[in-house]
Number of protein chains: 4
Amino acid sequence: MNPRRRSFASDNVAPAAPEIIAALSRVNTGTVHSYGDDPETRRLAALAQETFECELVIHPVATGTAANSLALASLVPPFGAVYCHELAHINTDECGAPEFFSGGAKLLTLGSPNGKLAAPQLAAPIAHAREMGVHHVLPAALSISQATEWGTVYRRDELTALAAAAHEHGLKVHMDGARFANAVAHLKCSPAEASWKCGVDALSFGATKNGALAAEAVIFFTPDLAREFELRRKRAGHLWSKMRFLSAQLNACFENELWLRHARQANAMAARLAEGLRKRGIALLQPVEANEVFAAFPAKLSAALRSQEFEFYDWPVPAGSSPAVRLVTAYDMVSDDVDALLAAIPASSA
Amino acid sequence: MNPRRRSFASDNVAPAAPEIIAALSRVNTGTVHSYGDDPETRRLAALAQETFECELVIHPVATGTAANSLALASLVPPFGAVYCHELAHINTDECGAPEFFSGGAKLLTLGSPNGKLAAPQLAAPIAHAREMGVHHVLPAALSISQATEWGTVYRRDELTALAAAAHEHGLKVHMDGARFANAVAHLKCSPAEASWKCGVDALSFGATKNGALAAEAVIFFTPDLAREFELRRKRAGHLWSKMRFLSAQLNACFENELWLRHARQANAMAARLAEGLRKRGIALLQPVEANEVFAAFPAKLSAALRSQEFEFYDWPVPAGSSPAVRLVTAYDMVSDDVDALLAAIPASSA
Amino acid sequence: MNPRRRSFASDNVAPAAPEIIAALSRVNTGTVHSYGDDPETRRLAALAQETFECELVIHPVATGTAANSLALASLVPPFGAVYCHELAHINTDECGAPEFFSGGAKLLTLGSPNGKLAAPQLAAPIAHAREMGVHHVLPAALSISQATEWGTVYRRDELTALAAAAHEHGLKVHMDGARFANAVAHLKCSPAEASWKCGVDALSFGATKNGALAAEAVIFFTPDLAREFELRRKRAGHLWSKMRFLSAQLNACFENELWLRHARQANAMAARLAEGLRKRGIALLQPVEANEVFAAFPAKLSAALRSQEFEFYDWPVPAGSSPAVRLVTAYDMVSDDVDALLAAIPASSA
Amino acid sequence: MNPRRRSFASDNVAPAAPEIIAALSRVNTGTVHSYGDDPETRRLAALAQETFECELVIHPVATGTAANSLALASLVPPFGAVYCHELAHINTDECGAPEFFSGGAKLLTLGSPNGKLAAPQLAAPIAHAREMGVHHVLPAALSISQATEWGTVYRRDELTALAAAAHEHGLKVHMDGARFANAVAHLKCSPAEASWKCGVDALSFGATKNGALAAEAVIFFTPDLAREFELRRKRAGHLWSKMRFLSAQLNACFENELWLRHARQANAMAARLAEGLRKRGIALLQPVEANEVFAAFPAKLSAALRSQEFEFYDWPVPAGSSPAVRLVTAYDMVSDDVDALLAAIPASSA
């Protein structure tokens, strides 16, 4: 058992993959033009188009918050509304970054038990907005997380219906793909089928949680929407002068499908973990479709595991519910890591 | 001669130093807490305090624009004024980032022939602002570049007088230290003597141009001013989840004074270049005190050099003046690189 | 019956009171200094202090949205959170103005069946915010509407408890008093007892709905909080050059308690209307405590009344509920106006 | 002599014209729909189209700062540049309002001795901006003041050439017409000839300085640019609920050309004042073309006049120049007022 892998706190506690570090070394030679006018960044554009099988515009940034916020700011005016799930990372975990980057746009939240939004949920709030006229922020975008914050994955038909409804209402569709790789791995479809073919206009493509050091990309499948992106990125301090080091990380992900192999491994570990928990009689709060497991852990169990240096977060539940935890697996985790956690759970825990 | 080193365009065309890449590999092991709660980031705080010989707050970010803008946003309200040189990078090269981060603060520019501001320049504009009351933005900060955009370096007595004047007028003092290392190397003083001992409240400490991959730091010598910084950084998408990789770069800079050795090398190369140009009868526009040389290059000379793949930028000059160029040296440049450029200049160029 | 008074749509469809127009004429003589350095504006400060029996800072503006947003921007940083009711006007009817003025602060909404928030509702969301650290916007203010958007009025003990809880959590307390006059009239207490004595830090004092032409005031009972207000007001284009005309309206309200007489009349008309509806068997959705009546009107009844040129808004109700309407009375309405509406309701309506 | 008219400080120290107050009374009857859905506001649209002889979109607001800032925010993105004169009111007197409303756009200033910009001044800065790419804010608009802050008036050929140059560079053209009436009166042309026929896209039409109580209008001659204006206005708290009172003021201005009669009177008074000063040997700093006179007043003269309660502002002059003052006439001033000032100037003053 590898003692270093007792953290199920998040996929961002993991180190970078050796391929990523190697890519940094590989491009670390000689002078190249700065700010993205370099071969590595040009190669990124080519690799992304190949991966997604379409014309697109791709711009790397270092963090997921930057990717989401810059994407949204490109899609909505300062007086715009972004519809999203109440648990969406953009709404709960980014300290108001979308509001900052957009100049004050408003996130209007919708609920659901499994983290997914459904097409019919849009009609009523948008009809209300239209009726309110200038007193209401202008409906401008839908933002969905794939995989969701509940570790579930939109099916392609769900996505297609949702994006179609959004477009019908005049909204642009943004996908927070911090765990897009895990979703594609689950769906067993092509990246294209999981994104623009379903109607996604702009994708925050995550790599950091999936093995990169610090690299995400904003991908516009509707290139018109990218027109101002580069100005916004510079203005937000997210344009690297030594851009080759950002692009190289993403290239390493796309090459030989490293990103998908990583995601499959993380997903497999989550499935293994879920299966083991079920066998021990522990209830799962959601189907496990990506690399997150939400489990009903009695307080005593959590304490016992933490005393053995296992790490994971408590997950907020409605008053009166049993306590729950979130367990996240990652690309660098192996069966022994999962089994060690399972072995530490007494048979009588549930 | 090393053929890769024909670019004098900027210090950011250089690769990262081997020590930086090695540091990334060194910290790339095991899980650590994300978002800065890690040993490497704690070590950064200790190293910075040792280097600057004082209590301070240090926060790493990936770009100079982010460092400057986040620092300024911590010092001025949205309705504030930042006094700076008309050539200041924050005014000319950051696509309005200080305005964006601060929520619309205004840069009020002052001039001077050598890129430096002088203490007596503040009184009149601030008196005017006070007289105008609510009709004028509120004087809030002074931002100075050290080294300046003209490659000159404020002397310590100049800095002290300027910061004292600013403080007297109720302004906070920000230093854009994208090339702080080069300034310290020139001044042959301690980092403390070049910063807080002269009255600097907040410093953007540059590392990227000086050998890092992508790393800068905001240092608050007046810790009270840092109170909201972490919220602003997260909100701007500049908080790395895998923070160890940002901190490790800065630690590698501070260890064994790598940053100063790099800066001394870059400065020495600029001095060598300046001396060689002078010998060839080429006029320099400014004293060469850091790692930038501004030289009067006839158009024909520039064309000839560029045809041999030397790279450098034309520098805007007043109408009627002789054309000029900016030549930037860097930490990774050696005498042969400089001599190759000099050798390519015909004797009769001036 | 006065044919002009068939609109129960809003209190802002009413004309200005004769006293207000007279005040404009009265001050329309000779030159005076602009931007508030005039006798009328100085008199406003005196009248307000007398009315509220305390030291305070008062600044007039022309609209309620400006008053609310400027007040909130003075209380919360751009990365701050404002807790408010989900139906709060600032959340639903101001096109994101609080977000705009504050530079992107976030409104975090709480619910309740009657439009009022209760002290115990704050603890859980604020504990969550503290735990989330920099990933969550910073809890900064509580904003409450008095009277509420449901036409109910916080009792003084409710207010006191709520403000105390807010202060305990480090929040400032803002009161949206677009209908503060109606609330005071209902509570039969002094303005002081309805505001700062309960813990209100900043009050948006409404006059437009209550007989003014276009006049509201931001009142800071904690004068420190007003420090930057004048700069924010100017910067937002809300500083009138001919300020006397704004101050004169408010002075006319305060003189001889015109504002309270107006509010009592509006409240009395609402009470009369509510009583008449009850007699006709029509259910009211909320207790009628100010000048708004929410009534279950069958669609047929609404249509019948509208065909007779009565005006009022449909009020959104949960799916499956009976349709409802909002009926608003105003200072200029008399018993005959109310009785005419009641007379138009067939006995068999409910 | 009317003792009340000793202030030449500004045209905004004047009261409102009787016609304006009468208009307020006239429309103060019965209920009307709020927020601009009223007959008076519809009439404004008709009157403006008649006055300007074209299709246009007109939106009233209460202050000039609001008009300018909302207009500019409609024309430029947050990362945009507005070119303007260094003395432009938007640059010097609005506490950063254009920056606030636009979300941080940058004012890039140009100079000239008489307050006017000339077409050839645009080429160089815009070429520089294009070359700088994402590092420079995006050239987006030209804003000119007519009449200028120096009391001069652009000739129609000057305007046409300037706007054509701006359009050629892809800029929109905004005119700050706080004293547009005075300019039209001076030019003796039609309002159309002074605005859209010269290439103006958006005009801030001033009425407050010209006899209104508090009323300005933003007029879009390129209606596409007005698309988002109403959302921006609401969001900024500049949408009046009782809009009739704002529209009525502007209607009173347009009716019977009150606005032009007022401006002609103010201009005539300035001309009379200028003539009188010249006769007394006092130098004027600029041609007097609107309602402002800039005169070289020795300190002793200013003091003597102020001791007799005449009011006017000192005007900043370059170090070493003779002191100067600004004298502003207004619509309500008569020859006796001017002559009283002249009479108070000793023959030996200059």
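Laboratory data are not the source of any read-out in this text; all were calculated from the coordinates shown. For clarity, every value in this text was computed on a predicted model and none was experimentally measured. Every residue, glycine as well, gets a Cβ built from its backbone with ideal geometry; the counts of neighbours run over all protein chains shown.
General remarks:
- The distance between label points at residue A:167 and residue B:155 comes to 6.8 nm (points 7 Å beyond Cα on the Cα→Cβ vector).
- Contour excess over end-to-end distance, with Cα ends at residue B:118 and residue B:132 and 0.36 nm allotted per residue: 2.7 nm
- Simple spin-label estimate for residue B:303 and residue A:190 in nanometres, 7 Å along Cα-Cβ: 5.0 nm
- Residues B:132, B:269, ranked from the fewest to the most other C-beta atoms within 10 Å, line up as B:132, B:269.
- Whether chain A is rounded, prolate or oblate, judged on the alpha carbon gyration tensor where a/c under 1.5 counts as rounded: oblate
- Alpha-carbon centroid distance for the pair segment A:33-66 / segment D:19-48, whole angstrom: 56 Å
- Computed over neighbours whose Cβ is under 15 Å from that of residue D:202, the net charge equals -2, Lys and Arg +1, Asp and Glu -1.
- Summing +1 for each Lys or Arg and -1 for each Asp or Glu among the other residues whose beta-carbon sits under 14 angstrom from that of residue C:99 gives +3.
- Straight-distance candidates among the lysines for linking to residue B:300, with alpha-carbon spacing under 29 Å and chain neighbours fewer than 8 residues away dropped: B:279.
- Separation between Cα centres of segment A:168-233 and segment D:327-349, rounded to whole Å: 69 Å
- Max mean-square fluctuation residue, GNM over chain A, Cα-Cα springs under 10 Å, options A:199, A:96, A:211: A:96
- Take each residue in C:53-66, count the other chain C-beta atoms within 10 Å of its C-beta, and the mean is 3.
- When the convex hull of its Cα atoms is viewed from all sides, segment B:213-272 shows a mean projected area of 5.7 nm².
- Residue B:83 long-range amide H proximity, modeled H, under 5 Å: B:108, B:140, B:141, B:142, B:143
- Position residue D:37: other-copy label points at 4.4, 5.2, 5.4 nm, ordered by increasing distance, label point 7 Å along Cα→C-beta.
- Cβ crowding within 10 Å, taken as a proxy for footprinting-reagent exposure, orders B:240, B:315 from fewest neighbours to most as B:315, B:240.
- Sorted from shortest to longest, the distances between the residue D:256 label points of this copy and the other copies are 3.2, 8.9, 9.0 nm, with each point 7 Å from Cα along the line through the beta carbon.
- Under 27 Å, Cα to Cα: Lys pairs in segment C:127-264, sequence gap 8 or more or different chains: 10
- Ranked list, fewest to most other Cβ atoms within 10 Å of each Cβ, for A:203, B:162: B:162, A:203
- GluC sites (Glu not before Pro) within segment A:44-95, DSSP loop, no more than 16 other Cβ atoms inside 10 Å: A:53, A:55, A:86
- Most fluctuating residue given options D:66, D:299, D:165, as computed from a GNM of chain D linking Cα atoms under 10 Å: D:299
- Kirkwood Rh in Å, taken over all unlike Cα pairs in the protein assembly as shown: 33.8 Å
- A point 7 Å from Cα along Cα→Cβ stands in for residue C:313, and the other copies hold the same point at 3.8, 4.1, 5.4 nm, listed in rising order.
- Across segment B:101-108, rounded Karplus estimates of 3J(HN,Hα) from the backbone phi angles (6.51 cos²θ - 1.76 cosθ + 1.60, θ = phi - 60°) give 5, 7, x, x, 4, 10, 8, 10 Hz, Gly and Pro being marked x.
- For segment A:256-308 versus segment C:242-299, the spacing of their alpha-carbon centroids is 58 Å.
- Chain C, rotation onto B, residue closest to that axis via Cβ, with its distance in Å: C:103, 2
- Build a GNM of chain C with springs between Cα atoms under 10 Å apart, and of C:273, C:305, C:70 the one that fluctuates most is C:305.
- Using the Cβ of residue D:327 as centre and a radius below 10 Å, the other residues enclosed give a net charge of -1, where K and R count +1 and D and E count -1.
- The H on the amide N of residue D:215, modeled in the peptide plane, is under 5 Å from the matching H of D:207, D:208, each at least 5 residues off or on a different chain.
- Legend: mean number of C-beta atoms from other chains within 10 angstrom of residue C-beta atoms, peptide A:16-26, equals 3.
- Neighbouring partner chain Cβ atoms per residue of C:210-219, average, 10 Å criterion: 2
- Applying a DSSP loop filter and a limit of 12 other Cβ atoms within 10 Å to the trypsin sites (Lys or Arg not before Pro) in segment A:182-218 leaves A:188.
- Taking the Cα centre of segment A:203-350 as reference, the dipole from Cβ charges on Lys and Arg (+1) and Asp and Glu (-1) amounts to some 320 debye.
- R0 of 45 Å, Cβ-Cβ distance residue B:321-residue D:42: FRET efficiency to nearest 0.05: 0.15
- Dividing the radius of gyration of the alpha carbons in segment B:153-213 by their Kirkwood radius gives 0.99 for Rg/Rh.
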